[in-house]
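K.L.:
Encoded as structure tokens, here's the structure I'll be asking about.
None of the figures in this text is laboratory data; all of them are computed from the coordinates on show. As the structure is a computational prediction, the values presented were derived from the model and not from experiment. Don't worry about glycine lacking a Cβ; one is built from the backbone with ideal geometry, like all the others, and counts go over all protein chains shown.
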Amino acid sequence: MKTIEEINERIKQGKAVVVTAEEIIEVVKEKGVKKTLQEVDVVTTGTFSPMCSSGMLVNIKQPQPLIKLGGGEVLLNGVPAYPGFAAADFYLGATALPEDDPRNQVYPGMFKYGGGHVIEEFVAGQDIKIEAYAYGTHCYPRKEFTGFINVHTVNNAFLWNPRNVYQNYNVAVNLSSKMVYTYMGALLPRMGNASYATAGQLSPLFNDPYYKTIGVGTRIFLGGGIGYVVWHGTQHCPKVPRTNKGLPTRPAGTLALIGDLKGMNSYWIRGVSLRGYGVSLALGVGIPIPILNEEILSYTLVTNEDIIMPVVDYGEAYPQGKTEVLEEVTYAELQTGEIEIGGKRVPTGTYSSYARAREVAETLKEWIKAGKFTLTSPAVTLEELGVGHG
């Protein structure tokens, strides 16, 4: 048994042994479970994928005379934000779209600019045009304000994401006779292709399937900076079928995350355009797994061959709220570029970047080894909360 306090002391002394979720598999093959448990302190995970349920919460410096944004209207580079808070706060969602924006009229159904792109530009330090319209009060008499803000000039800017880091997800196909455009990408008719996401054996919640080390207050890599788990994410649904290794075979856990945008990097926060669907935000997230005991170590030995993902029809069934599973395939099979569904060979493609996920895990590993990142004990783990539906 180890404790997080003991691991942090080793990190501060520069003695911590840290490996990625890919490397731990080979370490155990070479040294065995017992010796690995003695030697390894932390396993780092990572993912990089579009995460639609994301956004930024901003508090601006007040102009003179003062203006009350709450109850009014706020546009950032023409993209609507939600100002229904106090006088100087607003929230910009990753999927927000401007009205009649010429950038989104180049190709039919091609949304080239929206909330995710504004967030990327904001994090990169670019000036963002703000247009604000208010109804005016005695204490906040101003009714209009136009100017520019950036990540350095605002009072506060938080990345605040209600649902990130899905634990497993559907493989999308299209059984209909027409092309369909979805958040999983363009799907060819008659099962002409299959689209999937997640980072497989690198993915955070596959390496702690029962949320024994992850919970409220867990410090993480978020968008190139430091963030925290603040609660379970929306649609968190841990009560799903699982393999004998504890891995969910359906979409399961999710995380709500927060972090200071002023410490993040636009390399890890990218606006994404999804033809025929809208826009989103691709985000890098990494979570350290402290190796406290043999059980937790065993969970980090997940391989791409162990991960089972459900194939679902997005052409006709999914739009009607039906998610019957057509087939179950492993992540390893998906990575080969072709899977078999009902006797048909179907080419596959991913909306997540495995290479970037590996880079997240490697970056977090180096932070910990250099003593720049220590671990936190969750105030309560998601397992202890016992939250979720399903």
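K.L.:
Could you list 331, 267 so that the one with the fewest beta carbons within 10 Å of its beta carbon is first and the one with the most is last?
P.N.:
Neighbour counts put them in this order, fewest first: 267, 331.
K.L.:
Report the local net charge at residue 89: Lys and Arg +1, Asp and Glu -1, summed over other residues whose C-beta lies under 13 Å from its C-beta. Numbers along the way, then the final one.
P.N.:
Details: positive: 61, 68; negative: none.
Result for the neighbourhood of residue 89: +2.
K.L.:
Let me ask something else about it. What is the percent of Cα-Cα separations in segment 61-154 that go past 24 Å?
P.N.:
Summing the P(r) tail past 24 Å for segment 61-154 gives 23 percent.
K.L.:
Pull up the cross-link candidates among the aspartates and glutamates for residue 372, meaning alpha carbon to alpha carbon under 19 Å and not fewer than 8 places away within one chain.
P.N.:
Cross-link targets: 5, 6, 9, 41, 260, 359, 362.
K.L.:
Moving to a separate point now. Given (1) 163; (2) 142; (3) 150 as candidate values of volume of the Cα convex hull per residue in Å³, which corresponds to the one derived from the coordinates?
P.N.:
Here the calculated entry is (3).
K.L.:
Here is a follow-up. What percent does the relative contact order of the chain come to when contacts are Cα pairs within less than 8 Å and at least six residues apart?
P.N.:
Reported as a whole number, the value is 24 percent.
K.L.:
Once the piece of chain linking residue 23 and residue 305 is laid out straight, how much longer is it, given 0.36 nm per residue of separation minus the C-alpha distance between them?
P.N.:
Difference between extended and current length: 100.0 nm.
K.L.:
So what's Rg/Rh here for segment 1-83, counting alpha carbon atoms and using the Kirkwood radius for Rh?
P.N.:
On the way: Rg = 23.7 Å, Rh = 17.8 Å.
Rg/Rh for segment 1-83 comes to 1.33.
K.L.:
Here is a further query. Full extension from residue 385 to residue 336: what is 0.36 nm times the residue separation minus their Cα-Cα distance, to one decimal in nm?
P.N.:
On the way: separation 49, 0.36 × 49 = 17.64 nm, distance 3.80 nm.
13.8 nm is the gain from fully extending residue 385 to residue 336.
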